[in-house]
Amino acid sequence: MANPALPAAVPLPAVHASHSGCWLSDAAGNVRALSRGEAIMAAAETPLLMLNAPLVASRLGYPELSGLDLLELFAFVFPARFMVPTPKGLAEAVGLPVPEHEGEVPMLLARAAARLFAICESEEWGERDGAWSVLQSLTRLKWPWSGMLVPHVHKPERAERWLFAKLPEWDEQPPRPQPKHVTLDARDIADRLDTLTGNDAERRDGQHDYAQAAANVFAARAERGRPNMVLAQAGTGVGKTLGYLAPASLWAQQAEGTVWVSTYTKALQRQLRRESRRAWPDDAASGKERTTPAVVVRKGRENYLCLLNLEDALQGGFQNRAALFAQLIARWAAFSEDGDMVGGDLPGWLPTLFRKRGLTALTDRRGECVYAGCPHYRKCFIERAARQSAHADLVIANHALVMVHAARSGGQDGERQSPARIVFDEGHHLFDAADSTFATALSGAETIEMRRWVIGPEGKSKGRRRGLAARLADVASYDEDGERAIAAARDAAGELPGDGWLQRLGEGDPWGPIEALLASVRRVTYARDEAGSEAGYGLETEAVDLDGPLVEAAALARDALARLRQPLMKLASRLEAILEEPPDWLDPQGRQRIEGARHSLAWRIDVLTAWESLLSRMGGPADPDFVDWMAIERAEAREFDVAIHRRWLDPMKPFAATVLVPAHGVLQTSATLCDRSPEGPDWDRAVRRSGANALGISPRISEAESPFDYARQAQVIIVTDVKKGDIAGLAAAYGRLIEASQGGVLGLFTAIRRLRVVHARIADRLARSGLPLFAQHVDPIDTGTLVDIFRDDPRASLLGTDALRDGVDVPGESLRLVVMEQVPWPKPSILHRARRAATGGERAERQAHDDAIVRARLAQAFGRLIRTRQDSGAFIVLSPAFPSRLLSAFPAGTPVTRTTLDDALQMLVAGVSCAPTEHETEG
């Protein structure tokens, strides 16, 4: 009999499936357990209520599953509101009791649907605006929820304004003046830090010392091209975020200047946005009126919703499920704070409900923006963020964007200068970010994108024409030289790879000089492979000692690229001439559009120049500043690209020239900025990887130790009897450790294949014990949402790879045990080998290079474990051959035990976290 205290339920059947079993409720509310096969048959007969259809499909092993997904309904009712996509998260989001066992979940779904319908009828529904109009479109698209929603979403008395009419316009503002010259007072910095942390909070001397050291980057620069640099290591718990925000906010407000804070992970960006509200409360709280926000989050263009792409999708560019996704995105866009589709207020689980169809098509991932030529230009999320950042006190960005922004300063987007005061948080990733940013890759995927940018959609594509001719039609009609340049560029782009290029390479029938080059690269790479191509991994070989056919193909490809670059340069000069002597028809909007076209042209010309430079050295002497190699990119034995790569041997050289030279002050900070070698902190390595040496700068060094009592709160256990390569033993070890810890386990893997095998072997058994197990690369859920699910359930465990090793903040009971499946040695790639050799010819120096990389990875992984003074737990490495020289990666005083798995399990069950049976000191 139904509980009278619970709200009514919609009279629809509902299904819940997990690794521990399946449960089905009928329309009358009767619940029964059933097999997976029975659940599939029930779902095939009638639409069922379910939560997260892709996940349910994965649990049932039935990819074609469809039904009435509560997440889709929630996204319609609350378009820019996040919830943890689990039964517990749904119950809390709609104000229902959390189910005590999984058999109660089907009825929760029925009651949650009824609750959401009731919200739609309530006068308090804050997201009513636009709902009726979007629902009409969803009804025409046969959205499963439409028929049930229609009676609850009432037609407004007056016609609703459509999305593109409701979005606010940004305003042009005069450039911000140069910051005032101010000198920060140490007492003021301390007072500001006390205000940010709370005047009644316990004073942390390490945090105050850190804040004073960070303040040095806001002093006046003594010499052009030589910024004030500080390298500051702050152990977990020091409070480095507020530590640098104290002097940063003080300087920004006194000098009326802009501070950029750059991160590597989106998780830290979100944390920074929350923390920054302490220093910059909203206008109402501060009593200060601003025309633009004081704090702005900036990301690359590919993160934001493109309104023109959305308009295309809504007008028939998307079909079937993708069309439904576009309508829900339109709902979200009307309520989004900033239009950020990746890490913003768009729930990360929403795109995964549609198998990510349409997500990339709704952002500007190909650099096809028409700028002022777009009818939505004045409402563009990207343009608004760019202009707001030019007048903000604090800009929160990521490492790659800061580097690209510095390289292109003075260009489009209302930005005229490179960031002058920069805090690089997660500074231990700065080297890798620079390595990727300043890299060159000539590949099939990259060249076909270049072709599409010049020519536009070809063949049966229904996309809007965005080729050069379409974007600059008025210029072509006005300027004959410009028209000829566009035509020449289109002809030259026709020699680049087109659709089906990879298949033609496989069949030995390449078309055009670039495809011929890639075919030669593929031939030579396979010929040189000694590891066995049947292994299924990507292949690579050095771009040295190349045979005649490949060198000749490279020369022909270089000439083809030059034939494209030359008319693009001619077109750029013609656009510049039009701006210098504008015709009568060139209004301000047209000028902005041409400025945008020049910006895009400069980007492509730079890429083509880099490709030509790369090919010009094929077959010649090696350049000591670069590492060149050829590769066949594969996933599970399936080829998806062929490429020639070039990386800087030391990417901090271009970083220094591009970012450091124009800067006035730069702080690089992290909990693991400096290698903890057995001999002590290795600051020389940190300085080398900062870019300071390239400018002859001696940065100020600061170090603040963690306030945590690691001897009491944590321990490291090296398990000695799980043999490398024993997958069955590895899976058994993970299963037993999760059972002993009763969940709360973060499992870190160095290979996706092993992760998947371990998950497949233990997930069902653990679930039957009430211990949910989730996994990256297995569950159809984005990484950020997986972490949210893990954080929300103390009995859940999560398996993952590198993305979970850094930047994951899960304090409290939800994370009690970190398990690494083996020592995270660097991949022995050509690039790694070259950098290893550059450290010196001695074996010890090369080994030290590898050890420093591993210690940094271990330190970051260990840092996930203890996040507050109340946390405690164990860090386990399943590696019998764990070298003692790597133990210095862990904080001083952390107990270390080498023991068997059985003994480790006994320690966990007994709750022993600080009394190892066999203590081994660091080093």
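The values are calculated or read from the model by the stated rules, or taken from the named source; none is laboratory data. Bear in mind the structure is a predicted one, so any value in this text is a computation, not a measurement. Note that we place each Cβ from the backbone using ideal geometry, even for glycine, and neighbour counts take in every protein chain shown.
Only one of these is touching a Ser or Thr at 6+ places or on another chain (Cβ under 6 Å) and on the phi < 0 side of the Ramachandran plot: GLY427, GLY482, GLY494. Name it. Result: GLY427 is the single residue among GLY427, GLY482, GLY494 that is touching a Ser or Thr at 6+ places or on another chain (Cβ under 6 Å) and on the phi < 0 side of the Ramachandran plot. Counting only helices (runs of 4 or more DSSP H) that sit wholly inside region 19-116, those with at least 3 residues that are in contact (Cβ under 8 Å) with a residue 40 or more places away in the chain are 53-60, 70-77, 87-94. Within region 641-662, the set of residues being among the aliphatic types (A, V, I, L, M) and buried (at least 19 other Cβ atoms within 10 Å of the Cβ) comprises VAL642, ALA643, ILE644, MET652, ALA656, VAL659, LEU660.
crowded, with 16+ Cβ neighbours inside 10 Å, modelled with pLDDT of 95 or more and in the same structural domain as ALA881 (by TED's automatic domain parsing): does that describe ALA767? Here the answer is no, as ALA767 does not meet what is asked. Taking TRP125 as the residue in question, decide whether it is assigned by TED's automatic domain parsing to the domain that holds GLY21, in contact (Cβ under 8 Å) with a residue 24 or more places away in the chain and farther than 27 Å from ALA28 by Cβ. Judged against the criteria, TRP125 is a match. For LEU561, the conditions (1) among the hydrophobic types (A, V, I, L, M, F, W, C); (2) under 36 Å from the mean Cα position of the chain (by Cα); (3) exposed (fewer than 13 other Cβ atoms within 10 Å of the Cβ) are fulfilled apart from (3). For LYS142, the conditions (1) of a type outside the set (S, T, N, Q); (2) on the phi > 0 side of the Ramachandran plot; (3) in a helix (DSSP H, G or I) are fulfilled apart from (3). Here are the criteria: (1) in a strand (DSSP E or B); (2) farther than 30 Å from ASP902 by Cβ; (3) more than 29 Å from the chain's Cα centre (by Cα). Tell me which single one THR669 does not satisfy. Looking at each condition in turn, THR669 falls short on (3). Residues that are farther than 30 Å from ALA114 by Cβ and not in a loop (DSSP other than H, G, I, E, B) within region 145-165 comprise PHE164, ALA165, listed in sequence order.
Please go through region 15-56 and give me each residue that is on the phi > 0 side of the Ramachandran plot and among the polar types (S, T, N, Q), ordered by number.
ASN52
Against the conditions (1) assigned to a helix (DSSP H, G or I); (2) in contact (Cβ under 8 Å) with a residue 24 or more places away in the chain, LEU184 satisfies every one except (1). Here are some residues: ALA386, ALA400. Which one is surrounded by fewer than 18 Cβ atoms within 10 Å (Cβ to Cβ), assigned to a helix (DSSP H, G or I) and out of contact with any Cys (no Cβ under 6 Å at 6 or more places or on another chain)? Answer to the selection: ALA400.
Let's see how each residue does on (1) more than 31 Å from the chain's Cα centre (by Cα); (2) farther than 21 Å from PHE164 by Cβ:
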{"residue": "PRO79", "(1), (2)": "no, no"}
{"residue": "PHE82", "(1), (2)": "no, yes"}
{"residue": "GLU92", "(1), (2)": "no, yes"}
{"residue": "VAL105", "(1), (2)": "yes, yes"}
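Residue pairs whose Cβ atoms lie under 7 Å apart, separated by 6 or more positions or on different chains, with the first residue in region 512-524 and part of a helix (DSSP H, G or I) and the second surrounded by fewer than 23 Cβ atoms within 10 Å (Cβ to Cβ) and basic (Lys, Arg), are GLU515/ARG504.
Restricting attention to region 779-790, does a residue exist that is within 18 Å of the chain's Cα centre (by Cα), assigned to a helix (DSSP H, G or I) and over 22 Å from PRO87 (Cβ atoms)? Within region 779-790 (the criterion being within 18 Å of the chain's Cα centre (by Cα), assigned to a helix (DSSP H, G or I) and over 22 Å from PRO87 (Cβ atoms)), the answer is no, since none of the residues qualifies. Region 696-761 holds strands (runs of 3 or more DSSP E) entirely within its bounds, and those carrying 3 or more residues that are surrounded by fewer than 21 Cβ atoms within 10 Å (Cβ to Cβ), in contact (Cβ under 8 Å) with a residue 12 or more places away in the chain and touching a strand residue (DSSP E or B) at 6+ places or on another chain (Cβ under 9 Å) map to 700-704. Screening ASP194 against (1) in contact with a Lys or Arg (Cβ under 9 Å, 6 or more places away or on another chain); (2) farther than 21 Å from ARG331 by Cβ; (3) crowded, with 19+ Cβ neighbours inside 10 Å; (4) not basic (Lys, Arg) leaves a single unmet condition, (3).
Quickly run through region 701-737 and pick out the residues that are of a type in the set (Ser, Thr, Tyr) and either farther than 17 Å from ARG756 by Cα or modelled with pLDDT under 95 (or both). Within region 701-737, SER702, SER706, TYR710, THR720 qualify. Here LEU442 clears all of (1) at pLDDT 90 or above; (2) buried (at least 20 other Cβ atoms within 10 Å of the Cβ); (3) part of a helix (DSSP H, G or I) except the condition numbered (3).
Give region 791-847 a look and list any residue that's under 25 Å from the mean Cα position of the chain (by Cα) and of a type in the set (Lys, Arg), or say none. Correct list: ARG791, ARG805, LYS827.
When restricted to residues that are part of a helix (DSSP H, G or I) and either in contact (Cβ under 8 Å) with a residue 40 or more places away in the chain or not small (Gly, Ala, Ser) (or both), region 537-559 contains 11. Report yes if some residue within region 113-127 is in contact with a His (Cβ under 9 Å, 6 or more places away or on another chain), surrounded by 21 or more Cβ atoms within 10 Å (Cβ to Cβ), of a type outside the set (Asp, Glu) and within 19 Å of ALA33 (Cα to Cα); otherwise report no. No: zero hits. Against the criterion of being of a type outside the set (A, V, I, L, M, F, W, C), farther than 14 Å from VAL642 by Cβ and surrounded by fewer than 20 Cβ atoms within 10 Å (Cβ to Cβ), TYR537 qualifies.
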